[in-house]
Structures are given as C-alpha cells and as structure tokens.
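To start, the structure under review is shown below, and the notes come after it.
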4 protein chains.
Amino acid sequence: MTYSVAVSGASGYAGGELLRLLAAHPDVEIRTVTAHSNAGQPLVAHQPHLRSLEHLTLQDTTPETLSGHDIVFLALPHGQSGQYTDALEDVSLVIDCGADHRLTGQDDWDAFYGGAFNEPWAYGVPELPVGAVGGGTPTGKQRDRLVGATRIAAPGCNASTVSLSLAPGVAAGVIDAGDMVSVLAVGPSGAGKSLKTHLLGSEILGSANPYAVGGSHRHIPEIRQALREAGATGDIRLSFTPVIVPMARGILATSTARIAPGVTDAQIREAWEAAYGDETFVQLLPEGSMPRTADVLGANTALIGLAVDRAADRVVVVTAVDNLTKGTAGAAIQSMNIALGLPEGRALSVNGVAP
Amino acid sequence: MTYSVAVSGASGYAGGELLRLLAAHPDVEIRTVTAHSNAGQPLVAHQPHLRSLEHLTLQDTTPETLSGHDIVFLALPHGQSGQYTDALEDVSLVIDCGADHRLTGQDDWDAFYGGAFNEPWAYGVPELPVGAVGGGTPTGKQRDRLVGATRIAAPGCNASTVSLSLAPGVAAGVIDAGDMVSVLAVGPSGAGKSLKTHLLGSEILGSANPYAVGGSHRHIPEIRQALREAGATGDIRLSFTPVIVPMARGILATSTARIAPGVTDAQIREAWEAAYGDETFVQLLPEGSMPRTADVLGANTALIGLAVDRAADRVVVVTAVDNLTKGTAGAAIQSMNIALGLPEGRALSVNGVAP
Amino acid sequence: MTYSVAVSGASGYAGGELLRLLAAHPDVEIRTVTAHSNAGQPLVAHQPHLRSLEHLTLQDTTPETLSGHDIVFLALPHGQSGQYTDALEDVSLVIDCGADHRLTGQDDWDAFYGGAFNEPWAYGVPELPVGAVGGGTPTGKQRDRLVGATRIAAPGCNASTVSLSLAPGVAAGVIDAGDMVSVLAVGPSGAGKSLKTHLLGSEILGSANPYAVGGSHRHIPEIRQALREAGATGDIRLSFTPVIVPMARGILATSTARIAPGVTDAQIREAWEAAYGDETFVQLLPEGSMPRTADVLGANTALIGLAVDRAADRVVVVTAVDNLTKGTAGAAIQSMNIALGLPEGRALSVNGVAP
Amino acid sequence: MTYSVAVSGASGYAGGELLRLLAAHPDVEIRTVTAHSNAGQPLVAHQPHLRSLEHLTLQDTTPETLSGHDIVFLALPHGQSGQYTDALEDVSLVIDCGADHRLTGQDDWDAFYGGAFNEPWAYGVPELPVGAVGGGTPTGKQRDRLVGATRIAAPGCNASTVSLSLAPGVAAGVIDAGDMVSVLAVGPSGAGKSLKTHLLGSEILGSANPYAVGGSHRHIPEIRQALREAGATGDIRLSFTPVIVPMARGILATSTARIAPGVTDAQIREAWEAAYGDETFVQLLPEGSMPRTADVLGANTALIGLAVDRAADRVVVVTAVDNLTKGTAGAAIQSMNIALGLPEGRALSVNGVAP
C-alpha cells in the first residue's frame, strides 16, 4: 500500500527535511505541499536541494488542501494546529511537528506558550524509557504508545536530545533529577527560516551566541515532563542554556547531574546501556568516546558519550543529534513507521554525512 | 623609555597574538622572535598577518637568544620554562604564557601535568577578586600582586574565563562553590597550531566536538585555585566541559552554580557589580543582555551576562572572551603594563572586531 | 547477486564516502576495509559517522587483503596503484579513485605527476559528452565506455566539475576553448585528511585561501583531456584557480569562456540543454537560477547555472558539486553501477542535505 | 585640533566599522550617531562590540542631526545622499560610503542604479594609479585628488579590490583590458544587515552562493571607470562574479587578464611593483606567495599575489581585503586623513587579526 501524504510548512526547514526523507520512502507518495506566504511557487524555489520534487507546487495551507490524505504532517507555528482539527478528522495519521500537542499539563502550556491548550498526543521519541513512579527499572518505552497511534506530537529538538541524555539515569535512580544542568551548542536551523537580525550569517559566523538564558526556553517543561514519565521522583530542576554556534545543523548537548548517593560507576553506565542497548538510533558510545555533531549529520541517530566525574560528583552525558533529522523530521518519520506497522528504520539512515 | 622585548614561540598562535599587540605598543621594541623548528625563516612566513614585522627573522629558542632583553615572553610547551631560568636571571620582566608557573600546589601539578614543579608566579588576571578566607567582601584583586612584579604567569584561557565568571559569586558567598558546572564553546586556536587530525578544518567545520570530558582538563586545578584565592570555602566542585565549535577564536563559557540559601536576586547581581563595576576590561552586561564571542574578537574584554534561574535554583553566568587576546596575550600585555607602571590598557582595545 | 567489495584508503575522506554510499547499496557486501598506518583499529575509530559498519576492522593495504573480491576500490596516493596490478588481475572490477589511470598522455603525466606512467582506464564521468573531432554535435558520452568496463578511473573532483561545466559549450562550438577561466571555491576535504598547517581549522575558519595559482594544479591536464575528447579544436587554454573556503565539503566552480563569433544566446543555452537534458545527476537550472553547494551536499548531483554576459563577451557557467560525492565516491559508485549493468542511480541520492 | 564627527547609518555594518576605527582616532570626537528605524536606542544595542561607545544614543537621520559637525559620514542606501546636500553645505568634509557620488558617467548610473544622478566626488582609493590616456607610466594616484578634498566618495568594496588588482597592469599596458575575468569569494557582511532569506546563517553556513552572475553587479561600472582613469585603452571587458562564502568578512578576488603581446614576466611584475612599491596599505607579496583574507581581518591592508600563467596566456592577480575595513570604512578614514593633512595611516592597522 502507498500512503498519500500532505506536508504543511513545506517551505521551512522542518518541512524541507520531512520532504527529503519522505522522497526516499518507498511507502508514501507526496501529494501535497503547502505554505502560506509562498503558495503558488514551485517547491524547489524554496527547497532547491530537493531536485526529485521539482514537479511540486506549493499550495496555500488550508483545511481543504490538507484534508483527504492518509497522512498529514503539520509544521506550523505553535497555536495554529487547532484550526485544522475538524478538517483532519478523517485523516488516518496526523503528525504535528509543532508544540501544540506535546505538553500534558496545561500549567506548563500557559506558562511557556499561552493561548488555547490542546490535548496531548503520543510523543514521538520512541526510545525514551517510561518508568515506574519513583524510579527503578523502566517499564517500557514511549514507542509502546506510538504503535497504532493516529495522532503524534513530534518532539522539540533540544527537548528530545536532553531527555534522551538524562532519562536513563533518572529512570534508574543513579542521578539526582533535582540537580541537572544542560548546555547545548546548537545550529541556527533550529530557529527556523525566520528573518531576524541575530540569525543573519554575518552575526552567526565566527561567534557563539546564547539565548533564552535563565530558564525561559520553551523546551524546559517538555524535558521535565519526559523525565517525569521516565520515573523521576521529587523535584525536577534543570538549568538549560542553548548557545547558537556556526554550524547550520546539529545539537551537542552537554548534560550533567549530581550522582545519586552510593552509586557505582558500573551502575551508572549500566543504566544507559540497559536503556539503549537494543536501540538502533540511540547509541551509547564505548567508554572514553565522545560524539560530534558532524557524525550524525542527516542521520536519525543520537550518539551518547558518558563520563563519571567523581571530583565534581557529577555524571556528564554528551549527546549529538541532527536537530532537523533525529531532532524533528526523522523522529516524525520513525514515529510514522511505528504507527503504521512499517519497519521502524525505513527511509532513515543511521550513518551521518561526514566530514 | 623603550623596553626591548623577546618573544619565544613566535610562530604559534599565542606568540602571534603577543606580537600583534606588541607591534602597536609605543613603549616596546620587538627585538627578537624565536621558534625552535622554524628558526631562520622570516616571521611573516608563519604570521602573514603581521605585515609591520616583515623585517624580523625567527631565531632558535635558546638561553642566548632570549637573554639580554628587558622583557621576555615565553610561549612554550609546559615543562620547558625551567631550562631558561638561569639565562633570564637578569631580565627585568619574564612573562610565561605556558602553565609552568601558574599552580601553587604541587599536588595539582603532579596530578594534571607531571614533571618538575616550578615556583608559582604572580597570576596574570588582574581583575580577579582576592577574598578573605571564608568568603565575604573581597579584600583585593590579583592586580595588587602584579604591580612591580618581575615574574608573571599568564593564565590558561579557559581557566581565566571561568574564574572571572564565578569568582565574584564565590567571594560574596552567593553561590555554592561545591556545585558548579561550566560548559565552554571554544574555538580551535586555543589548542594551538598542532598538527592533529581532530583539529583539521574538515573535522572542525560544521561540527561541535567535546574533549577532555569528565574532569581531566588541565585548567580545572587552575580554576579551583583562583576560586580558593577569591575566598571559596569548603569543597570546590566544578564540572568542566569544553566543546570545540567552528570559530577560529573565542570562548563562550556558560557557568552555573547553585544559589546559596537565603540570597536575593539583588544580592546576586550586586556581587558581580561590586567585583567588576570599576573595571575596563571585565564588564557586566545589563540585566537581560548576554554576550557573544564576536563582540570581543581581538579585544582584551571579557563580557559577562548574568541570570538567576529560581526554578533550577541556579545562577547562570555567560562569559565571552577572545581566547588569544584577553585569554592569553592580552592578559599578558595588560599584566606587563601593570608591572611596569604603564597605563593598564595601553595597546589593548576594549572594542571587538565585529561582525 | 551480491558483489563482495574491498575498499582501500578506508580511513580517509574519499574512502569514508565510498563506504557511506556502499553501506546503503543493496547489491554489495563490504567485506574488507584497509588502511596502511591504522591497520588493526576499528573502522569507526576513523569514520565515527559510519555507525552501521561498527563491526569492521581496518586491515593493512596489501595485495593479499585486496585480492579475491569481486570489486576493489583503490583510494591511494598517486603512484601506488601499479603495485597492486598483478594481485588484482582476477578482480572483476577495479575502480581507482587516485590519479594513476586518468591521463591518456604520458607528457601530461610527466609534467604534472612524474614517476611510472600507467595505462588510462575508462573515465568515470558518465555524463561528459564525447565529441567529434573539430566539434559539432557530440557523438556520445563517457558513459558508453563504462558499460561493461572492468577498470575505471574515478575523476579528480575539480576536474570533473570544470569539465562538466565547459564540455557542452566546447562540443557545440559556442565557446572558445582557447580563452577559458575557472575559479573554484572548494572545501578543504578535497585535500584529504593530511596533517598540514594550512588545513588546520584555525587557518581555514573565517578565511579564503588560494592555492596552486598560476597553472600548476594537477587537474588542469585532466580537464584539457576531457575537453579535447568532447570535441575541442585548436589550443585549449584554461586559467584555473582553486580557493579553499570554510565549508567542509563542496565545490562551486565559476567558469567563463569567450563566446564564439556569431553565436546567439539561444544557441548557447541549447548546447547545455542538449548535453544534459536527459541526465539525472547533471542538471541545468532554469535561466536566472544559480546553484549553491549546500543544495548538493551528500548528493550525486551537479547543478549548473548558465548566464551570457555580452558586455564581457563571455559565457559564465557556475557549477555546484559535492567534491566527495559526485566529485569522487558518488562518481565511482555510479560508474560501478553502469559497469555492472545495475540501475545507474542505485544507492545515490539526487537530493542534497540542506540547510 | 579635534574634529567633531557625525556618522549616519550607525546601526549597520559599514557604520559600525567606521565607529570602531573612529573610536581609536586621536583627532576626532564622535558626537552624533544616527539611524532611521532604531533612533532612540543605545548604540551598543546594535553594535555590542563597541564597548567604548556605550554612552552614545542613536538619533534619527535628518539634516538637522547631521549638520553642524566638522565631518559627516554618510552610510545610507544609494539615492538618499542628495536630500542632505543643502544641510551639509557648511560641513567641512563629507564622506559618502554609498554609491551616489562614485560614478562620473550618467549612463552608467542610469543603467546600474537609476534615479537622480549626483555629481562625482573624489574617489577614496588613494593607491589607485591614474594613468595617461593610452596607458604607459601612470602620471599619479587617486591620492592626489584627495588632498584637501571636502567631498569624498568611499569605494564599493568589490570595486576597489578588483580595481587595485588590475589597474597596474592596465596602466602599464602589460595586460589586455578587453579580456578580464574576476571571481570573488566574499563574506556576507558586504551585503549589509538586510533581513533576506539568502543571508540567514543557515543558508550561508557550509555553502558557497553566487549572485549577480552575468554582468549585472553594480560595482562593474565603477571598476571600468577606475581602470579607464588608470589609462586603459580600447574596450574594457570584465566578467565579474561574486560568490558568498561562509566567513563574516573578507574578499578574496581572483582576477585574470590576457597577457599583452610581447611582454616579459619581469615586465609584468614590474608593473605592480612600480604601482605599489611605496605604499603601506597595498602590498605586493613576493613571487610564490598568495594572500588569505584572514591576514587582513580588521586591517586597512590589501595584499596582492601575482602569477603569470603562460600556458593559459593570462596574468592571475589574487587580492585579499577586509570588505568593511580597506573595502569601506578604512578607505574612508584613510581618505579623511589625507583630506585633513593628517598622517595617512592614523588609526589604521596594517596588521590583521589572525587566526
């Protein structure tokens, strides 16, 4: 069977990556691509790297253009998904790459986003452990909720990266969820194709620029939620700072957390091994190895390096992902594959494009 | 009076930056430039940006070539400074840009470097507060020890950046020195002109690469020492992770520490304001502003942004420096100016070259 | 049928890209990977992005390790291919990514390379027109010589880019092969993983660096040969200057040539349309469109933009390729597919990874 | 005497560089900074690297705010200079960094810009030879016209780079001005702080992007004019292609021209030596040396490498400048120094900031 697909926000970065991956997917046909301001123009005018989709023309993003497909991807600014709910009722699978259906708590939504609250959908980070209340051996994975799902929320790129980094330790109780710090080196494509001065090439080149410092980044509640679901107990306290660095794509998240009392180095490493030992797209590197973002460029892979620093009393987890692939579009396609019962890795590469 | 100067390691990055600054200094004459393997070649063959020094030829680094100057800068690999001690006895001012004379504790030296231990020299970060034992209002600055000094140890670039970030909070007792985390985005020039695969342009471009993860970086004891001198009490625990990002120069250090109990936001900000309010080259940005490395390129300036994250219970300090200028050569020249009684900022720019 | 494959030079950039593409090729099994100095180490220690090949260990490059496969890729420094000739006699298909078998003229070899001259092999740029002596409608393509070939010389990346740019105009006689100029913006990966100071990240970042200026680059005779085969008449004069710019991969070649007398704009455009109208991997962009290297990252695609500048009396051809994919490894795989009678585009992407 | 200065366009890149240089100039006082849309905001909100100018507030750009200074710098979009003519009548020295007063021929203005034509001012590239009609030994320099000038047009950055590259050869008659090709690797800051999609960091990083291909770039008539003034005879034909590459600043111009009949290599080199042998800020590198843009970062220096390619029958001239310094603001300050009778190099560095 071939599934018909519509992609909204097709002129943006997330939309472009969805299309790059879907163009190589044998089970789908890209029938409709939409974008508000650029409707009527050829797709390749905005995505000149998608040579195989030269025949597609951008349509306006409306309920009418999106309805009637088997699968619809929404890559819209937050708060806009709700207006398509009715029109997409008959669509078998809707995957939202925006934030509208990620958060389970309205308090978090009100505090970090605002506007109408939408019901939470299955969370598109299959490898994330889902834990027992109070920690201990995880009882499952987010993947379980994606099987047969009809509505999926793709993750925030920074959120999934940090959640994957810390969840195994939180789930196993080897780190203290009340004392965690993440600092991320991120490429500007995570901020989208927005015309803002601080995203100009002249500002980005040769510079490292922090933003949303001090606890205001919208991915923070999403991470806390994922860690809570992984079994975190007590307060979850995360200091989170993203720094834009001069690479188009990529996230390198350095996350540290206080070591739980009485835990051995072997127990720490075992927590991550247990969580990801059977995974294809989330890989724990051997002791002494650390990941680089170049190694996951264009790949659906999260590479994790782990170190225990006894002098600082902290575990250090360094995780590399491609924000557009594993961070967004790859996660969406992987979740789609799971939902539809296709091989989970179809049309997704575990190998990066380097150097 | 014009001081005669010799610079060793003149073909490297630190040596090149020393020469760039010295070439514009009205009180010095660059008489001798030395380098081991490239002796006999014109300086501009290795530093083609130093057009005004086209007349200089690299000599071998020997006691003979270095002696007989008023001022000697050593920019040599660690462990090599000792062999020049006797020859430089008559030199009025020796400034070592290497690590040999930075650490006061032999234990730290043995653990992180090894080889013969050298006596500590005055530490070339003038703005660092020197505190009372047990914290409280700092009693002075490292500057005080540099006045009239004849032997100076220029700092490690990462070390001075992190020390400047955290010392005011430690000195004032508003942060917990037992729970600190620093993650640094750094340019590859900090690693010198070494021919190593991971420093190749093809490896650096488009990638973020962590190194020395887990507590092994040699600048850690130097930071602990600076914070101890600033008045830190109890254990000092610092998780420290540098990440090489694709910019030739620059350090953006994101440092966070647990807030001390009962401290107000105003008290926190006041600590940094008190420490740096009168400084030219270390500037606390207004609330809500964060620094970028581009803004300090080629400048002797450290720009500091400060945020208080109550949800995470942490202070976040983001500091931008140019690793070669304020991080190394600028600090050396500034220290030289202080030692000689010249205006402290002579030949140093507070403005960066941006974009 | 599954072909067994050996790749030499597997720890380098060309070798890495061959393996990335071969890993996704359904008709081959990567059995052996070799490298001289790194023999005995895991492949992923040198190619950490090739996660699916974690099981492979580098062996020494010897006649014994390479023989006994169906297909052998040589990615060795020039002059080294000859020593494997005897050992590879029974190998069905040998593809040399080095220069040893590219040139048909020993004079060119002696002038630009030196050492023993090797016989020329089929040239791995399938889309290049092969012309009649004296120009006019091309009579075929290099592809014709690759069908069923057992020995193939993959092209030089700069050479194939410039040859593809200019050959249609030369073949059709609309430009003057005696007055051509090419200037290339190239990424440093084209220079390989060599430990040279000018290839360090600190030297490459923020800078544009020309090399081999004035006619000494080794790809010049290769281009002249390709244009001669495309039907160039009279003297072929090409000024060729590569400039290393701060992107890991990519070539953007700006080639200009004097317009032949009496030729119309339409005739000029028609020459390129006729040459590439039916090609998948070499695409002429619509009038007014120009290519960017980002659009072909990781793709086997050459994108060509064409403009006619009557005031300067020159045609301008701007071509973007990924030096490691279409420029080297992709061309090799495409040639392999042709030689073996497989679909020409198998395991090759026409879409790039952007942004 | 201290000159009072006003800088319009102070929130842009050219304005920022003017201010960086003026801030270090001992003979001027920056009294007024203006910008249209950002009036009322602190300068450092838009130029955070200019720490020494923290006290300045942007005012609206009006005749009133600009009048009453000794010196006024206009850094405005083309076509806007005229409205300030009356208001600036009493200003001793006006330097326009825009295009309005560069071209002497109205035909060129109409063809490449359009709108009201303004009278040409003294051209701010002091080192450019001014030749006899018909070529031969240059009779002077543009510098001569700048002495005592009251109205100066700073050059286009690409234009001055290419003009400096080719003028000596044209003036001496050793190259054919009817057959010239320039391809430039340029940083995006040359395009200003414009919010355009193709200037976003995500688009610029990892990519080389040509623009204005085929003879439409506005700097072409400016170059032709400079070469005509240098003594070019007959038709001047220049193929000119700029390529944006991922470095914030810098121009590396590769210019080639057909060798005039009967000219020796020595005569060719002599032409450039004669033109620039006595210059501080335009330097011909020794035979075999080629410049890099990093070596002139922040410097007022143009570095020129020269090669003769007899096989291609062309001279190749590679020139590196910083587009914001020597290309724009440095040239403006240098011209100001000349006009005012100050030392020509005051507040300008011949050394770059590298790596």
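Regarding D:GLY330, is this residue under 22 Å from D:ARG143 (Cα atoms), outside any loop (DSSP other than H, G, I, E, B), of a type outside the set (Ser, Thr, Tyr) and out of contact with any helix residue (DSSP H, G or I) (no Cβ under 6 Å at 6 or more places or on another chain)? So D:GLY330 fits the description; yes. When we screen B:LEU146, B:LEU103 for residues that are touching a Ser or Thr at 6+ places or on another chain (Cβ under 6 Å), in contact (Cβ under 8 Å) with a residue 12 or more places away in the chain and within 27 Å of B:PRO63 (Cβ to Cβ), the only hit is B:LEU146.
Within the span defined as the range C:95-106, every residue fails to be in contact with a His (Cβ under 7 Å, 6 or more places away or on another chain), surrounded by fewer than 16 Cβ atoms within 10 Å (Cβ to Cβ), away from chain A (no Cβ under 14 Å) and among the charged types (D, E, K, R).
If you go through the range D:11-48 and keep only what is surrounded by fewer than 22 Cβ atoms within 10 Å (Cβ to Cβ) and in contact (Cβ under 8 Å) with a residue 40 or more places away in the chain, you end up with D:ALA24, D:HIS25, D:PRO26, D:ASP27.
Residue check: B:GLY79 meets all listed conditions (1) at positive phi; (2) surrounded by 21 or more Cβ atoms within 10 Å (Cβ to Cβ); (3) small (Gly, Ala, Ser) but one, namely (2). Mind checking which residues of the range C:185-228 are of a type in the set (A, V, I, L, M) and either surrounded by fewer than 21 Cβ atoms within 10 Å (Cβ to Cβ) or within 9 Å of another protein chain (Cβ to nearest Cβ) (or both)? C:ALA185, C:VAL186, C:ALA191, C:LEU195, C:LEU199, C:LEU200, C:ILE204, C:LEU205, C:ALA208, C:ALA212, C:VAL213, C:ILE220, listed by residue number.
Going residue by residue through the range B:177-185, is there one that turns out to be at negative phi and not in a strand (DSSP E or B)?
Of the range B:177-185, the ones at negative phi are B:177-185.
Filter once more, so that each one left must be not in a strand (DSSP E or B): none.
No, that holds for no residue.
Return yes when C:ALA332 is touching a residue at least 60 places away in the same chain (Cβ under 8 Å), in contact with a Phe, Trp or Tyr (Cβ under 8 Å, 6 or more places away or on another chain) and more than 14 Å from chain D (Cβ to nearest Cβ) and no when it is not. Quick ask: steps written out before the conclusion?
Working: touching a residue at least 60 places away in the same chain (Cβ under 8 Å): yes; in contact with a Phe, Trp or Tyr (Cβ under 8 Å, 6 or more places away or on another chain): yes; more than 14 Å from chain D (Cβ to nearest Cβ): yes.
Yes.
In the range D:36-47, the count of residues that are within 14 Å of another protein chain (Cβ to nearest Cβ), at pLDDT below 95 and in contact with a strand residue (DSSP E or B) (Cβ under 6 Å, 6 or more places away or on another chain) is one or more.
In summary, A:THR241 fulfils each of the numbered conditions (1) surrounded by fewer than 19 Cβ atoms within 10 Å (Cβ to Cβ); (2) under 19 Å from the mean Cα position of the chain (by Cα) with the single exception of condition (1). Would you confirm, using the coordinates I've provided, whether C:ARG102 is out of contact with any Asp or Glu (no Cβ under 6 Å at 6 or more places or on another chain) and not aliphatic (A, V, I, L, M)? Spelling it out, it is not the case that C:ARG102 is out of contact with any Asp or Glu (no Cβ under 6 Å at 6 or more places or on another chain) and not aliphatic (A, V, I, L, M).
The set of residues in the range D:276-294 being over 25 Å from D:VAL353 (Cβ atoms) and in contact with a Leu (Cβ under 8 Å, 6 or more places away or on another chain) consists of D:GLY277, D:GLU287.
Going through A:GLY115, A:GLY148 one at a time, which residue ends up being at positive phi, at pLDDT 95 or above and part of a loop (DSSP other than H, G, I, E, B)? Spell out how you get there, then give the answer.
Numbers: A:GLY115 fails: at pLDDT 95 or above.
Of the residues listed, the single one that is at positive phi, at pLDDT 95 or above and part of a loop (DSSP other than H, G, I, E, B) is A:GLY148.
Residue count for the range B:306-321 satisfying the condition of being more than 8 Å from chain A (Cβ to nearest Cβ) and within 18 Å of the chain's Cα centre (by Cα): 3.
Among residues belonging to the range A:273-305 that are in a helix (DSSP H, G or I) and surrounded by fewer than 24 Cβ atoms within 10 Å (Cβ to Cβ), point out the one that is nearest to the other protein chains (Cβ to nearest Cβ). Before you say what the answer is, go through the steps one by one.
Taking the range A:273-305 first, the residues in a helix (DSSP H, G or I) are A:273-276, A:293-296.
Still in the running and surrounded by fewer than 24 Cβ atoms within 10 Å (Cβ to Cβ): A:273-274, A:276.
Numbers: A:GLU273: 15, A:ALA274: 19, A:TYR276: 13 Å.
The selected residue is A:TYR276.
Per the listing D:SER189, D:SER239, the residue uniquely polar (S, T, N, Q), in contact with a Lys or Arg (Cβ under 8 Å, 6 or more places away or on another chain) and within 26 Å of B:SER202 (Cα to Cα) is D:SER189. The helices (runs of 4 or more DSSP H) falling completely within the range D:1-109 that include 1 or more residues that are closer than 30 Å to D:ARG224 by Cβ map to D:13-22.
The values are calculated or read from the model by the stated rules, or taken from the named source; none is laboratory data. Since the structure is predicted, the reported quantities are computational estimates derived from the model, not experimental observations. Because the Cβ atoms are built from the backbone with ideal geometry, glycine has one as well, and the counts that use them run over all protein chains shown.
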